[in-house]
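The values are calculated or read from the model by the stated rules, or taken from the named source; none is laboratory data. Predicted model only: the values in this text are computed from it and were never measured. Side chains are part of the model used for accessible areas, which takes the heavy atoms of the whole protein and leaves out ligands, DNA and RNA. Shrake-Rupley method; radii C 1.70, N 1.55, O 1.52, S 1.80 Å.
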Amino acid sequence: MTLLGIPALADHPGERLDEVTALKEPAFEAISGPAPDVDLISADGQPFELADLAGQVVAVHVRSSPCLEPCRAQHDRLAQTVASLNASPMREMVRFITIAEEPDGIDTVDAGNWSVAAPNGALEDLEAEFASRSARNGDNPMLHLFDREGRHVAIFHGAGFAPLNLLMHINGLTNAHPHPEPDGLLGRVRGWFR
């Protein structure tokens, strides 16, 4: 009976998630770093930070006023992804945040896991902080992904990405097992046998 599960496990990218996504999706960029220190104001006026969402995969979309068509197009791709994701069991494990100066009127397709927030400060500064994480140049809007441990792990650039590729990458992040940092030589040796 166990042998029947082996092919399914072999097809799941696991530790190779970034590599597999990069092969399929040109808009994808793998990154690695802590989440930026971001102060946000929720729609009900309460302050919150990305750190408050620990335990969930978080997708952050920054929508500045000067970014018209490119941001709308990326928003539409994100809406397709949210609709597909919310038809699955991942709904409770993923949170989408759109950050905008004027949060009124931004369509979140009535998804309970998609919020609109305003920055507690200048949006341009926040956008620059997020963009500084990318090795790519360009004016395309960026969709930033954070894993369940709060690390900034990926960027999807522009609106040309396939919603299915974003969905599959998020699925991989929801299935990833936490990897504590090994302490010293003994911790590294133990890590080899996990």
- Query: Which whole-Hz couplings ³J(HN,Hα) result when phi for each residue of the stretch 54-61 is put into the Karplus expression 6.51 cos²θ - 1.76 cosθ + 1.60, θ = phi - 60°, listed in order with x for Gly and Pro?
  - Reply: 3, x, 10, 7, 10, 10, 10, 10
- Task: Amide H neighbours of Ala117 under 5 Å, at least 5 residues apart or on other chains, H built in the peptide plane: list them.
- Result: Thr98, Ile99, Ala100
- Return the long-range amide H neighbours of Arg95 (sequence gap of 5 or more, or a different chain), with a cut-off of under 5 Å between placed amide H atoms. Val57, Val58, Ala59
- Item | In Hz, Karplus ³J(HN,Hα) per residue of the stretch 116-131 (6.51, -1.76, 1.60; θ = phi - 60°; x = Gly, Pro) | 10, 9, 10, x, 8, x, 6, 4, 4, 5, 5, 4, 5, 4, 5, 5
- Query: Under a 5 Å amide H to amide H cut-off, with H placed in plane at 1.01 Å, what residues pair with Phe28 once short-range neighbours are removed?
  - Reply: His157
- Roughly how many whole Å is it from the C-alpha centroid of the stretch 85-102 to that of the stretch 119-176? 13
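With a 1.4 Å probe and all protein chains in place, put Val109, Val153 in order of accessible area, largest first. Display every interim value, and only then the final one.
Working: Val109 65, Val153 20 Å².
So the residues, ranked largest to smallest area, are Val109, Val153.
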- Note on the structure: Shape call for the stretch 20-144, from the Cα gyration tensor axes a ≥ b ≥ c (a/c under 1.5 means rounded, otherwise prolate when a/b beats b/c, else oblate), comes out rounded
- Task: Express the relative contact order of the stretch 20-62 as a whole percentage, based on alpha carbon pairs under 8 Å and six or more residues apart in sequence.
- Result: 22
- Query: Per residue, how much accessible area does the stretch 15-132 have with a 1.4 Å probe, in Å²?
  - Reply: 52
